[in-house]
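Below is one structure, written out as structure tokens; comments come after it.
The values are calculated or read from the model by the stated rules, or taken from the named source; none is laboratory data. Please read all numbers here as calculations on a predicted model, not as lab measurements. We place every Cβ from the backbone using ideal geometry, glycine too, and count neighbours over all the protein chains shown. With ligands, DNA and RNA removed, areas are computed over all heavy atoms of the protein, side chains included. Shrake-Rupley method; radii C 1.70, N 1.55, O 1.52, S 1.80 Å.
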Amino acid sequence: MKIKSLRTWRIALPLRRPHTWAGNFTPVGYGYTVLKLELEDGTVGWGEAQVLKDWGGEFGSRYGEAPQTTKIVIEELLAPLLVGEDCRRIELLLAKMDKFVRGYPYAKAAIDVALHDAVGKLYGIPVYQLLGGMYRREVALAHSLGLMDIQVAVDEAKHVVDEGITTLKVKVGIDAKRDIELVRRLRAAVGPDVKLRVDANQGYKSWKEALQVTRVMQGENIWYMEQPCEGLENMARVAQNTEVPVMADESAWTAHDVLRIIQFQAAEMLSVYYTKPGGLLKSKKLLAVAEAAGLRCDINGSGEMGIGNAANLHLAASSAIIDLPGTIPVTSTAQIVRTKVAGHKYLDDIIEEPFIYRDGCMLVPEGPGLGITVNEAKLDQYSVG
Ligand SMILES: [Mg+2]
């Protein structure tokens with residue numbers, strides 16, 4: 001059960017199309033970290049972190065990492081703490097990492113996922129069994145329309161609805177007039193039954209601008225407004241002056257952040273990643289706080305590859321409170337294409353068999369651990385360092 005080694009790759013998969021949002025200046029999907037954690041008996045656990053140097057929380061209080069820093073943190077700072085330890089003692093190992101290396105939740109999330117994968121394989125059970133068991137097998141998806149030309153967004157929306165998607169996530173937060181026009185055009189194109197949710201990525205310049213945009217978009221029956229502006233105090237002003245539910249993403253990294261959101265009444269919904277809190281175990285603790293306060297949650301991320309997607313699915317499958325459709329990419333490989341456009345971020349992947357996609361949902365895999373097989377030849381093929 002002892003950990004023998006940790007090794008990382010920086011991966012860049014070929015993109016179906018570039019994806020971007022307000023405040024994003026790093027190519028999404030370039031240099032994402034893949035971690036191989038090996039036990040002394042040869043069992044392998046896989047982890048992944050989608051590291052973006054300009055992805056972060058409000059006012060610089062939380063931040064992502066860059067692929068280069070994540071690699072150094074894992075291999076030079078965290079691996080020496082873990083080698084020789086019992087992989088089953090996940091809570092203890094997370095505490096040890098937190099004690100000796102502050103921060104770096106993405107590096108720690110990759111390790112946490114690899115530990116869960118290894119432990120699941122040791123006991124012959126899926127990771128969701130380690131997280132409370134299967135609450136749902138099918139995880140509902142939202143397709144994310146990044147910042148793009150309005151007509152291109154409308155065409156893509158129609159295409160993914162034809163592929164079974166029932167919820168569209170629309171990136172806004174650049175220009176109020178353009179954003180409102182986009183939502184109007186999308187509503188007209190997809191009809192009244194498709195759910196539209198918008199994500200401003202803190203892009204509106206003030207809470208009043210955010211509130212005005214939200215009120216106009218309410219006329220197009222948006223489901224909820226995600227992170228309209230920066231800062232809990234400003235989020236609270238929006239949330240308390242509109243009937244449209246407000247979702248916190250950049251403001252919600254840790255369980256402690258969620259406590260503050262509750263205290264400020266700054267949101268009714270949370271965008272939950274397995275990475276922001278530092279792994280699956282800490283995500284479950286964050287979800288417990290959210291559940292106690294009646295906040296609804298989705299699973300979100302930054303364009304996960306197959307390993308990260310598996311982590312997303314096991315977390316969503318085991319958590320009753322994650323009942324909103326999440327922006328989990330639909331994994332395809334060069335050999336097996338699940339969807340043409342819906343959730344389709346990469347033209348190939350590092351796992352052998354993509355997850356089953358059906359009617360706007362993905363199914364959590366049933367095999368031991370994460371339930372995936374990583375293609376190590378593709379890790380070498382797509383490695384950028
Ligand atoms: Mg978001």
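Solvent-accessible area of segment 60-131 (1.4 angstrom probe, protein heavy atoms only): carbon and sulfur portion equals 54 percent. Near Gln335, once Lys and Arg are set to +1 and Asp and Glu to -1 for all other residues with Cβ below 10 Å from its Cβ, the sum equals -4.
For segment 239-302, the dipole from Cβ point charges (+1 on Lys and Arg, -1 on Asp and Glu) about the Cα centre works out to 320 debye, to the nearest 20. Let me check I've understood the local charge: for Leu130, count other residues with C-beta under 12 angstrom from its C-beta, Lys and Arg +1, Asp and Glu -1. What total comes out? That works out to 0.
Distance between the C-alpha centres of segment 2-57 and segment 206-241: 32 Å, rounded to the whole angstrom.
Rolling a 1.4 angstrom probe over the protein heavy atoms with all chains in place gives the chain an accessible area of 37 Å² per residue. Cross-link reach is defined here as a Cα-Cα straight distance under 15 Å, omitting same-chain residues fewer than 8 places apart; for Lys284 the aspartates and glutamates meeting it are Glu91, Asp112, Asp257, Asp298, Asp323.
Separation of segment 332-385 and segment 280-316 by C-alpha centroid, Å? Value for the Cα centre distance between the two parts: 19 Å. For the peptides 263-270, 91-98, 112-119, residues were scored by their other Cβ atoms within 10 Å and the scores averaged per peptide; the highest-first order is 112-119, 263-270, 91-98. The dipole here belongs to the chain: it is taken about the Cα centre, uses +1 on the Cβ of Lys and Arg and -1 on the Cβ of Asp and Glu, and is about 360 debye.
Across the chain, Cα-Cα distances exceeding 34 Å account for 22% of all pairs.
In the elastic network of the chain, a GNM with C-alpha springs shorter than 10 Å, the most mobile of Val244, Val127, Val172 is Val244. Looking at segment 130-363, the DSSP beta bridges with both ends there are about 20 percent antiparallel.
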